[in-house]
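The values are calculated or read from the model by the stated rules, or taken from the named source; none is laboratory data. Note that the coordinates shown come from a computational prediction; the quantities given were computed from them, not determined experimentally. Glycine gets a Cβ as well: all are built from the backbone with ideal geometry, and neighbour counts include every protein chain shown. Ligands, DNA and RNA are excluded from the accessible area calculation, which covers all protein heavy atoms including side chains. Shrake-Rupley method; radii C 1.70, N 1.55, O 1.52, S 1.80 Å.
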Amino acid sequence: YRRVLFRSLPCFTINRLPTFLQQITNEMRQNRPSIQVDPVSGGAVRETADVLAGLIRQIEQHSDADSAYQNAAWYAAAAGKGYFRLCNEYENFDNNDQRLCIKAIDNPDRVYMDPNAKEPTGRDQEYCFIISDMNKEEYKRTYGDSLMAAVINGREFNPEGSKPGWMADSTVRVAEYY
């Protein structure tokens, strides 16, 4: 038995994953997912469920939820995890009117779920972080200068595979805590 050492020779690789990934995501595009409301027990009434379903459809249409669902499904099929979020946004800043919206999370590697959660859906988690990097000028416009000092003097958060620390030369890392 002789040990053969391989040199760095060119290798031809065929990536067959995109074909199967496209089959899965195309199937989802044909059978568009949506939230369904069913009266289950107690004093549940079909008419109330229909009204709630109509409100949810309005939120989905206003938010372009189809693209958020497709983005999450693509990441779930390609990498094993994909997310979208339900959040609120202001309609009118004068009277604080808000509306619910469904938004895509473009990078699922920036979502840090509670590692102690046991349910596959994550419904038993106690916390979640969504991390994003923001330009320093945009940060100052959004949050002001006072919070910048708090971040600089605060502790560092360095999850695996990310840039070290909260601040780089031109960006600030912002974490949403749920």
Scan the helices (runs of 4 or more DSSP H) fully inside segment 1-80 and keep the ones with 1 or more residues being within 18 Å of Leu100 (Cβ to Cβ) and in contact (Cβ under 8 Å) with a residue 12 or more places away in the chain.
46-63, 65-79
Just one of Leu5, Leu17, Leu86 is open to solvent by 60 Å² or more (accessible area, probe 1.4 Å) and modelled with pLDDT of 90 or more; which is it?
Leu86
Check whether at least one residue in segment 98-113 is out of contact with any Ser or Thr (no Cβ under 9 Å at 6 or more places or on another chain), of a type in the set (S, T, N, Q) and under 24 Å from Ser67 (Cβ atoms), and report yes or no.
yes
Across segment 107-160, which residue is modelled with the lowest pLDDT among those that are small (Gly, Ala, Ser) and outside any helix (DSSP H, G or I)?
Gly154
Of the residues Ala53, Ala49, Ala44, Ala76, only one is under 15 Å from Ala104 (Cα atoms) and among the small types (Gly, Ala, Ser); which?
Ala76
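Residue by residue, here is whether (1) of a type outside the set (S, T, N, Q); (2) open to solvent by 50 Å² or more (accessible area, probe 1.4 Å) holds:
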position: Trp74; (1), (2): yes, yes
position: Lys81; (1), (2): yes, yes
position: Tyr112; (1), (2): yes, yes
position: Asn116; (1), (2): no, yes
position: Glu119; (1), (2): yes, yes
position: Tyr139; (1), (2): yes, no
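Could you check, for segment 49-66, whether at least one of its residues is touching a strand residue (DSSP E or B) at 6+ places or on another chain (Cβ under 7 Å), over 26 Å from Val174 (Cα atoms) and among the charged types (D, E, K, R)?
Within segment 49-66 (the criterion being touching a strand residue (DSSP E or B) at 6+ places or on another chain (Cβ under 7 Å), over 26 Å from Val174 (Cα atoms) and among the charged types (D, E, K, R)), the answer is yes, since at least one residue qualifies.
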Which condition number does Lys103 fail, the rest of (1) modelled with pLDDT under 90; (2) not in a helix (DSSP H, G or I) being met?
(1)
Looking at (1) more than 17 Å from Tyr178 (Cβ to Cβ); (2) open to solvent by 50 Å² or more (accessible area, probe 1.4 Å), find the lone condition where Asp124 falls short.
(1)
Against the definition (farther than 22 Å from Tyr178 by Cβ and surrounded by 14 or more Cβ atoms within 10 Å (Cβ to Cβ)), how does Ala49 come out, yes or no?
yes
